[in-house]
Structure formats: C-alpha cells, structure tokens
1. Exactly one of these conditions fails for residue 270: (1) touching a residue at least 24 places away in the same chain (Cβ under 8 Å); (2) surrounded by 14 or more Cβ atoms within 10 Å (Cβ to Cβ); (3) assigned to a helix (DSSP H, G or I). Give me its number.
2. Which one of 182, 143 is surrounded by fewer than 17 Cβ atoms within 10 Å (Cβ to Cβ) and either in contact with a Pro (Cβ under 9 Å, 6 or more places away or on another chain) or closer than 20 Å to residue 393 by Cα (or both)?
3. Among the residues of the range 146-153, is there at least one that is buried (at least 21 other Cβ atoms within 10 Å of the Cβ) and of a type in the set (Phe, Trp, Tyr)?
4. Could you tell me which of the residues 433, 417, 452 is under 17 Å from residue 481 (Cα atoms) and among the β-branched types (Val, Ile, Thr)?
5. Among the candidates 48, 66, single out the residue that is touching a residue at least 12 places away in the same chain (Cβ under 8 Å), in a helix (DSSP H, G or I) and charged (D, E, K, R).
6. Has the range 351-361 got at least one residue that is outside any helix (DSSP H, G or I), touching a Gly at 6+ places or on another chain (Cβ under 7 Å) and over 14 Å from residue 442 (Cα atoms)?
7. Which of the following residues is surrounded by fewer than 19 Cβ atoms within 10 Å (Cβ to Cβ), free of Cβ contacts under 8 Å to residues at least 60 places away in the same chain and closer than 13 Å to residue 142 by Cα: 201, 213?
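The values are calculated or read from the model by the stated rules, or taken from the named source; none is laboratory data. As the structure is a computational prediction, the values presented were derived from the model and not from experiment. In this analysis, Cβ positions are derived from the backbone assuming ideal geometry, glycine residues included, and neighbour counts consider all displayed protein chains.
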Amino acid sequence: MKHTIYLLAALLLAACSEPAVETPPAAEQMATASVSETERINAWFEEKNEEQLQFSPIQLTVLGRKELYDQIDDMSVAAAQEQLDWMAATVSELEQQFDYDALDFEAKTSYDLWVFQYEQARDNFEFNNQEYVFEQMGGVHSQLPVILMNYHQVESLSDMEAYISRIGGVARALGQQLEWAQNNAERGVRPPRYAYEFVRDTSSGLTQGQPFDDAENDSAVWNDAKTKIDALVSAETIDAATAEDLRARARTALENEFLPAYQELISWLDQDINNAPAEPVGVSTLPNGVAFYNQMLRSYTTTDLTADEIHQIGLDEVARLRAEMIAIKDAVEFDGDLSEFFQFVSTDEQFFYSNDDAGRQRYLDESTAFIDNMKALLPEYFGILPKADLVVKRVEPFREQDGAAAHYFGSSPDGSIPGTYYVHLSDMSANPITELEAVAYHEGLPGHHMQIAIARELESVPSFRSQAGFTAYSEGWGLYTELLSKEMGAYQDPYSDFGRLVGEMWRA
C-alpha cells in the first residue's frame with residue numbers, strides 16, 4: 001500500500017514530540033494548506049462514498065437509510081465488474097486531484113485505506129470464478145431474507161410497499177447468483193456435498209409453511225410481512241382494507257416470484273450435487289487453487305505472511321495454550337492427562353443445558369446476563385461506548401445448523417436497529433456451558449458489537465471508514481476481548497476459563 005511507512009513514522013513522531021513553541025509564519029502557511037487539502041479530500045470521500053452506496057440498496061438499509069428502499073442489489077458478475085471499474089476510476093481521480101504530502105495524519109490514513117480497499121477488491125475479483133457462491137456459511141439465499149426481516153423497518157405504507165417489491169428483488173438476485181454458481185461449476189469449482197445439502201435445507205425451510213403449502217405455520221417471510229402489516233394497522237397508519245390489499249400483494253410476490261426462484265435453486269442443487277466432492281477438500285484442489293488460497297490469506301490477514309508462517313504462529317500458540325490448559329486441569333484437581341480432561345469437559349452432562357426449549361432459553365438468558373454484567377463494567381475501562389443496544393437471539397429455524405458457529409449482525413449508525421448476537425441452538429450438545437461466557441464476550445460486549453457499533457457511530461472520520469470491515473481487525477479484536485474480559489474480572493468459574501482457552505486454540 002502506498003505510503004505505508006507513514007503510519008508508523010507519524011506515531012513515532014507523536015510519541016517524541018517536543019513542547020509547543022511559537023509557530024513561524026512559514027509553518028502557519030503550511031498548516032493552513034494542510035487543513036485546506038484535508039477538508040477538500042474529506043468532502044471528496046463523502047461524495048464518493050455516497051456514489052458507492054448507490055450500488056447497494058441493501059447496504060443503505062443496513063445503515064438505517066431508506067433510499068432505494070424498494071430495491072435489491074444487482075448481484076450479477078457484470079454489476080460486480082462495473083463497481084470495480086468505478087473504484088479504479090476513483091483511485092485515479094484521487095491520485096490526480098490531491099497532494100498526499102499536504103494532508104494531515106487522518107486524511108493520509110483515509111487516502112491509504114481508500115486505495116487499499118480498491119487493490120484488495122481488484123485482486124480478489126481475479127478469482128471470482130473460484131468462489132463458492134452458495135455454501136453452508138451463507139449466501140444470498142439466507143442473508144437476504146434475514147436482512148428483509150431484521151433490517152427493513154416498516155413505519156409507513158410506502159415502507160411496506162417497498163418490502164413487497166423487495167420480495168421480488170430477492171428472486172432476481174437469487175437468479176443472478178445461481179447463474180454465477182453454475183458458471184463456476186462448469187469450470188470445476190464446487191463446494192463439498194455437505195454445503196449443497198445445507199443450502200438446499202435452508203432454501204427448503206424458507207419455502208415451507210403458508211402461503212406455499214397448507215401447513216398450520218406460516219413461512220418465515222410471510223409471517224414477517226403479516227406482522228409488519230398488522231403493526232401498521234395497530235398504529236392506525238393504514239386501514240383494514242389497505243392492510244388486506246398489502247397482504248394479497250405480499251402473498252402474490254411470494255408465490256409467483258420468491259417461490260419459483262428458490263425452487264430453481266433447489267432443483268439445480270439436486271441435479272449437480274453428485275458432481276461435487278463427496279468429502280471436504282481445500283481450495284488448493286480447485287483450478288488455480290493455490291493462487292486463490294494465497295490471495296485469500298492476503299485478503300483476510302492484510303499481510304504478506306505465507307501459509308507456512310501463519311501455520312507456525314498457530315503451532316506456537318497451541319503450545320502456549322496447552323500449558324495454560326494443563327494449569328487449569330491441575331487447579332481443579334482432575335485425575336488424568338489433558339486429553340482425558342478434554343474428554344471429561346466435552347461429555348459430562350454437567351457442562352450442557354438440556355436439549356429442549358427450557359435448555360435453549362437458559363443458554364440465551366445466561367448469555368444475556370454475562371453481556372449485561374460486562375456492559376456495567378465497560379465505563380470503568382472505555383471512554384467511548386456504543387449507543388446501539390445488543391440482543392441475543394436464536395438463529396431463525398430456516399438457517400439454523402447443528403454445531404454452527406455463533407455470529408454477529410451489526411447495528412445501524414443511529415442505533416435504531418440493534419446489534420444481534422446469533423447462536424445456533426438446534427443441538428445443545430454443540431454448545432457447552434464452558435464456552436458460553438467467552439462466546440458472549442467475543443460476539444457481544446466488549447467484542448464485535450462494541451467494536452462495530454462504535455465504528456458505525458463515529459462522526460470524526462469519513463463515512464467510508466466507519467463502514468469498512470477487515471477480518472483480521474474484527475476477529476482479532478473479538479479474540480483479544482476474550483482475554484481482556486478475564487483481565488476485567490470475568491471467568492470466575494475455572495471451567496469457563498478453560499472454555500476460553502478451547503476457543504482460542506480453535507482459532508490458533
């Protein structure tokens with residue numbers, strides 16, 4: 001990245017700064033010029049960020065804004081190329097119009113990040129034919145309904161009409177992504193069969209229940225649509241006749257657009273699944289897979305560390321963690337070696353809640369309690385805290401998977417949409433009590449929610465920076481806060497502290 005040494009140099013200069021002295025006239029002129037160029041580039045960043053947001057109506061919605069509220073992103077390969085070309089043009093404009101040396105520290109950081117984000121997108125797009133478009137961790141088939149249900153706020157008639165329009169938009173986006181997946185499959189790029197099965201199950205789950213069949217229960221999106229329409233009636237925003245018309249239109253969109261799109265996806269998955277690898281394989285087995293793997297390392301870590309170097313870091317961490325685990329095993333006076341202790345902690349019934357609704361609710365309640373306790377401690381350690389609330393929720397039935405990892409969905413900048421810590425609870429044997437506390441801190445407070453909510457709420461940096469995301473940064477912070485929470489007094493139960501180390505070893 002251009003001017004990367006500037007960041008370190010500026011920090012060193014700040015640490016070694018001399019007492020203030022009277023500023024000579026020449027320096028005053030330089031400072032004025034710097035402010036002027038900084039103000040000019042910050043205005044440019046805001047303008048370009050708004051242009052970029054026009055590519056993504058969904059991102060606007062996630063940010064709590066209602067522009068393009070009736071639309072879904074164009075998710076075709078051609079649209080992705082168009083946005084990449086736009087990014088390239090902005091970088092050329094940036095380099096031609098602004099004097100880097102006249103910018104202040106924050107503006108230089110913004111400049112570097114804008115260029116870096118383009119370079120990362122450019123390098124990743126070279127491997128767009130290597131991607132698993134639909135897989136067990138996600139895809140538009142599951143993400144768009146979640147966004148529609150959780151982020152599309154309905155406060156007026158026009159909001160609900162936009163919602164109904166988006167039901168059809170989901171179908172179009174699903175078709176575009178299916179075409180992308182089919183093209184990749186023709187090149188020999190397919191995820192393992194279990195991923196096909198997960199995607200098929202999720203898609204089937206979204207199209208079960210009314211209005212798609214005669215089941216007693218409503219399908220997820222239909223239930224959400226009716227709930228939002230009923231809320232408008234309760235608020236006296238619309239009358240009963242308008243509500244009935246909206247229900248009919250939503251039902252038609254689900255039956256005539258949403259359902260056929262998912263049926264087409266399910267049909268293709270069923271036809272193609274036997275062509276997919278029967279067992280899990282690494283991407284290095286794919287065409288051009290080694291180069292793709294190395295690029296993903298660069299993208300996710302934002303470093304040039306090799307796979308071997310990263311692996312060695314992991315081995316070193318495992319050695320450290322084993323020593324800490326043994327110390328806990330000895331402290332609780334367990335009679336056996338570490339492998340036997342692992343077996344004990346992973347199987348003894350005292351470390352699991354019951355696999356029923358009562359056990360699942362207890363898991364949610366305990367997670368919420370740990371987060372609430374941490375929230376009360378945060379002002380003692382941090383000066384800036386998130387404004388948005390955080391909720392702990394079970395993953396929606398249509399996308400829930402036994403043993404899948406917990407995850408976080410961000411809040412809106414104005415706090416009107418809370419952050420959500422999602423946990424899969426279909427199989428309680430995959431959610432040991434020993435790991436509950438660490439996961440709550442990682443996903444919630446002081447982890448992902450605090451980090452991402454504060455970033456989105458910042459007003460002191462260009463908007464694109466408050467909306468940017470880097471895996472090494474977000475997951476690095478989440479991992480760090482697991483240990484930070486211990487330093488703040490958490491993990492009073494040694495078995496929970498052992499669970500923290502188990503999670504850390506999993507990442508190592």
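1. (2)
2. The unique qualifying residue is 143.
3. So far as the range 146-153 goes, no, none of its residues is buried (at least 21 other Cβ atoms within 10 Å of the Cβ) and of a type in the set (Phe, Trp, Tyr).
4. 452
5. The conditions single out 48.
6. yes
7. The conditions single out 201.
Rundown of residues vs (1) within 22 Å of residue 301 (Cα to Cα); (2) part of a helix (DSSP H, G or I); (3) more than 22 Å from the chain's Cα centre (by Cα); (4) of a type in the set (S, T, N, Q), yes/no style:
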| residue | (1), (2), (3), (4) |
| --- | --- |
| 437 | no, yes, no, no |
| 451 | yes, yes, no, yes |
| 455 | yes, yes, no, no |
| 459 | no, no, no, no |
| 473 | yes, yes, no, no |
| 478 | yes, yes, no, no |
| 490 | no, no, yes, no |
| 495 | no, yes, yes, no |
| 506 | yes, yes, no, no |
